[in-house]
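Participant: Before we start, here is the structure in question, set down as structure tokens.
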Amino acid sequence: MGEKKDTLITLTVDTGKINNNNINSCVVFSDNREEDKPQEPGNPKDYVSTVNRNKKVTWQGKAKEGSDTVKILEVYRKKEDGGAEIVEKFNSKNDGTVEGKIKDKKVDGLENYEVKFSINGGDPYPVDPKLAMKD
């Protein structure tokens, strides 16, 4: 069993191509966990990040190319079909990231959540990945 650690999730956005009709094909999730493979472009709803109990998870955004600023505005458990409740609380930071505190108990199943992000302070875009807890 690997060492328990905080998880850093990066949302990489093709800022030159994205619009409200092609969000899923212009975003890719990845994280700092060896067991998690980067998401296949076009399928953010299928991406699952692994977290450890009583640790933190942080979401950050970055542009695929260029100097655009991608800020994570908020992250929250989906109200409809949210699944497991893995994150105890979400905290939006002033630096364009969001940090989550993972519960200190084993939680089985997937948590379905939504990330809202902006590019250069523009209108927010939503995207819906998942979390899973590893003991």
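Participant: Can you tell me what share of the DSSP beta bridges in the chain is antiparallel? A percent to the nearest 5 is fine.
Facilitator: 70 percent
Participant: Right, something else. Mind checking the log10 I(q)/I(0) for the chain at q = 0.09 Å⁻¹? Debye, one equal scatterer per Cα, no solvent, two decimals.
Facilitator: Values, matching the q order: -0.24.
Participant: Can you return the lysines within cross-link range of LYS106? Criterion is Cα-Cα under 26 Å, with same-chain partners fewer than 8 residues away left out.
Facilitator: Here the lysines satisfying the reach criterion relative to LYS106 are LYS4, LYS5, LYS37, LYS45, LYS55, LYS56, LYS78, LYS79, LYS89, LYS130, LYS134.
Participant: What distance in nm separates the simple spin-label points at ASN94 and THR50, each placed 7 Å from Cα in the Cβ direction?
Facilitator: 3.6 nm
Participant: Just tell me which aspartates and glutamates come within less than 16 Å, Cα to Cα, of LYS93; anything on the same chain fewer than 8 places away is out.
Facilitator: Leaving aside aspartates and glutamates fewer than 8 places away in the same chain, those within reach of LYS93 are GLU74.
Each value in this text was obtained by applying a stated rule to the coordinates, not by laboratory testing. Note that the structure is predicted; figures quoted are calculated from it, not measured. Please note: Cβ atoms are built from the backbone with ideal geometry, for glycine as well, and neighbour counts cover all protein chains shown.
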